[in-house]
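Okay, so here's the structure we're looking at.
Taken together, the values in this text are just the output of simple stated rules run on the coordinates, not laboratory data. Everything numeric here is computed off the predicted structure, so don't read it as measured data. Cβ placement follows ideal geometry from the backbone for every residue including glycine, while neighbour counts extend to all protein chains displayed.
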Amino acid sequence: MPYRLFTGPDDRAFCERVSAALAEGYVLHGSPSATFNGTAVVVAQAVVLPAAMASADAAVESLGAHA
């Protein structure tokens, strides 16, 4: 899966899920987000595989060459 979005409570388990993805070769994509749902802070972080980003960039470049 080239793109993943982690969401959940701002706790150790969330950090461990993001850290595990980073150890698998994913890189952070964009800034983390945080909100308060009235009870707890809920956070989100997107991660991507660098190879997927490279192929997406190449596809966009090829579209520009045909414009």
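For this structure, a couple of remarks:
- Sorted on the mean count of surrounding Cβ atoms within 10 Å across their residues, most packed first, peptides 10-16, 39-45, 60-66 read 39-45, 10-16, 60-66.
- This structure gives volume of the Cα convex hull per residue in Å³, computed directly, and of (i) 73; (ii) 55; (iii) 90 that value is listed as (iii).
- Between the Cα long axis of helix 50-65 and the first principal axis of the chain there is an angle of about 40°, rounded to the nearest 10.
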